[in-house]
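Asker: Structure below; questions to follow.
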Amino acid sequence: MARVKQPLTDDSIKVRQLSHYQFSWVAGEPGVPGTFTLQLVLDEGAWEEVLTVDANDADVLQDLLENTETVHYDIGRRTLMFGVTPTGS
């Protein structure tokens, strides 16, 4: 059996499953585009992350999030990973 270095803490977990997400938009100064943010709720609220995204990325991410059943987020690399495929598939 593998030995796990103790203590195992929330900060030591590097990849978490996305539970919920919310896009927000903040208005910019007059004549300046607004800012989109994407709030990620991970592992049923054990961790949260807020990403700033541009309008094109927000559109693509919305499509991916709507159409992918399982999404993971690598905290250290700030990377969203869409879908899970069993080996050999």
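Asker: Six or more apart or on different chains, Cβ atoms under 7 Å: show the pairs whose first residue is in the range 63-85 and within 15 Å of LEU42 (Cα to Cα) and whose second is aliphatic (A, V, I, L, M) and part of a helix (DSSP H, G or I).
Answerer: VAL71/LEU65; PHE82/LEU64
Asker: Here's another thing I want to ask about it. Could you list, in sequence order, all residues of the range 61-89 that are out of contact with any Leu (no Cβ under 9 Å at 6 or more places or on another chain) and exposed (fewer than 11 other Cβ atoms within 10 Å of the Cβ)?
Answerer: ASP63, GLU66, ASN67, GLU69, GLY76, ARG77, THR79, THR85, PRO86, THR87, GLY88, SER89
Asker: Looking at the range 72-89 only, could you name the residues that are β-branched (Val, Ile, Thr) and within 14 Å of GLN39 (Cα to Cα)?
Answerer: Within the range 72-89, ILE75, THR79 qualify.
Laboratory data are not the source of any read-out in this text; all were calculated from the coordinates shown. Since the structure is predicted, the reported quantities are computational estimates derived from the model, not experimental observations. As a convention, Cβ positions derive from the backbone with ideal geometry for all residues, glycine included, and neighbour counts pool all protein chains shown.
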